[in-house]
Structure formats: C-alpha cells, structure tokens
1. Given Cβ point charges of +1 (Lys, Arg) and -1 (Asp, Glu) and nothing else, what value in debye, to the nearest 20, does the dipole of the stretch 104-248 about its Cα centre take?
2. Which GluC sites (Glu not before Pro) from the stretch 140-248 combine a DSSP loop assignment with at most 14 other Cβ atoms within 10 Å?
3. Pairs of alpha-carbon atoms within less than 8 angstrom and 6+ residues apart define the contacts here; what relative contact order does the chain have, in percent?
4. Could you point to the residue in ILE11, SER42, ILE200 farthest towards the positive end of the chain's charge dipole, with +1 and -1 charges on the Cβ of Lys/Arg and Asp/Glu respectively?
5. Quick check on the chain: helices-only [θ] at 222 nm, where DSSP H runs of length 4 and up contribute -39,500 (n - 2.57) each and the sum goes over total residues. Nearest 500, please.
6. Per residue, what volume in Å³ does the Cα convex hull of the chain take up?
7. Given points 7 Å out from each Cα along the Cα-Cβ axis, report the LEU186 to GLU60 separation in nanometres with one decimal.
8. Given a 1.4 angstrom probe, I'd like the percentage of the accessible area of the chain that is carbon and sulfur, rounded to a whole number.
Amino acid sequence: MNLLLTNDDGIHAPGLRVLAAELAALGPVTLVAPDRDQSATSHSLTLHRPLRIHRHGEREFSIDGTPTDCVLIAFHGLLDPKPDLVVSGINHGPNMGEDVFYSGTVAAAIEGSMQGVPAVAASLATHEAADFLAPARFVRRLVEAISRRGLDGKQVLNVNLPHRTWETVQGVRFTRLGTRVYSDTLIEKTDPRGRAYYWIGGQDPVWASHDGTDFHAVEHGFVSVTPLSLDLTDYRAVVEMEQWDLRP
Ligand code: MN
C-alpha cells in the first residue's frame, strides 16, 4: 500500500513523526507536509505567490504552503504512482463537529478524496503535551482494516482519539459530527500607535453532548470515527424551495 502522509501542524510535529514511523510497516510512506504550523487554514490554496518544495529525504518533503497545497503538489508533481490512501495527522488537538470546517487536517484528507483516493484525518483530542505512540498504532490498525476491506475513492474518515492512558480507552464508536456551543469572542486591544487590533479568541469549544456524536464518544473514552460525506447539499431544502414562486 502506497501512503501519502501530511498534516497541518507542520513537518516537525511529533504527531506526524510518530505516525510516519508506524505506517512505514504497511508500505512506502511519502511525507509531504507544510514547513510550519498551518492549523485552522481550512481548505485554502496558495494562488498568489510561488510555492517552494524542500526535500528532506528520499520520500520526505516540506512545502511553504497549506495542507491542501501539499496534497495537490503530491498528486500532481511528487508522487508517481498515486498513493492508495491519504493520511492526515495526527493533529495535536481535536477536530470535531463544526470545527471540521476550520481544520487544515481534515481539509488535507478531503483534498485526497477530491483527487480520487480515500483518506483518513486523525486528531488527538488534547492541546496538552501528549504521547502519540498508542494513537498512531490505532491509526495503523485502521489503515490495515481499510486496505483489507476497502473504501471508495470519495470517502473520508475523521478520527478523533481520546487523550487518556491507552489501556483505559473504551473502544471505537462510529459517530456523526457533533454541535459546538459557540463561545468565540473578539478581543479588541490598542497598538502602540493608538490603532485598534483584534484577536479571535474565546474559551476552548464547548460541545452539546448528544449521544452518537464524535464529542460524546471522545468524552466517554472512545475513539470516534466519523465517515464524512462531501456533498453539502440540503436535499430537503431543494424540494421545499421548488415550491417558491421565483421567476427570473
Ligand atoms: Mn493542527
């Protein structure tokens, strides 16, 4: 199995390093990752400046761009043949509920699926210092299961791993995206020249703890696996709006 490994925390992030070492047992792993932290860059593409690729080893590259740039460049420049699976992570911090829309980790996996191969995004649900070894071993077992059972080219699995002593992990739950209770704040300050500037801030996300969601699973000590579908269409609204009397 040919694997493309990327992340949004940057090429030096421990979650990426530990996962690369684990996945190497499954076949050739090509590492293409941003040269610095690109968390919360979502699915952005760099279009207004050139991108530079730095080669660190035979199968290891960093790019001065976003996670999506990395996957795109890997597919269209660096990798021949194409990978069988894209793995993104392990992110240092959770990516659950609506946060998947901000996440560079999830975006890189989605880009893999847009390039026609299945993908896994993996995140460890803590911002504290953490050991990624046991989580990386789980991701490896998941990738082994994917290679046995197969996933079609459009599928993305969003995996969130609980941060706890691994022996106490309760199991795996297949979940839906949860809902965040927004507590974002905008903090206004004044710079030395008297002009206002702003920080987007607030507390850590608070989640509505509904049974069956990613957040609920992780909160109760389970690994959460959410299969994502990329079609955002609201089909019910399409049917309802057919009744609207709009004429061009
Ligand atoms: Mn990140």
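1. Result for the stretch 104-248 is approximately 400 debye, rounded to the nearest 20.
2. On the way: sites: GLU144, GLU167, GLU188, GLU219, GLU240, GLU242; in loops: GLU242.
Loop-located and lightly packed - GLU242.
3. Averaging sequence separation for qualifying contacts and normalising by length gives 17 percent for the chain.
4. Projecting each Cα onto the dipole axis, the largest value belongs to ILE11.
5. Numbers: 6 runs with 58 residues, N = 248.
So the calculated ellipticity at 222 nm is -7000 deg cm²/dmol.
6. On the way: hull volume 49.2 nm³, N = 248.
Given the Cα convex hull of the chain, per-residue volume reads 198 Å³.
7. Result for the modelled spin labels: 4.3 nm.
8. After summing per-atom areas, the C and S share lands at 53 percent.
The values are calculated or read from the model by the stated rules, or taken from the named source; none is laboratory data. Predicted model, so just to flag it, every value in this text is computed and none were measured. In this analysis, Cβ positions are derived from the backbone assuming ideal geometry, glycine residues included, and neighbour counts consider all displayed protein chains. Only protein heavy atoms, including side chains, enter the accessible area calculation; ligands, DNA and RNA are left aside. Shrake-Rupley method; radii C 1.70, N 1.55, O 1.52, S 1.80 Å.
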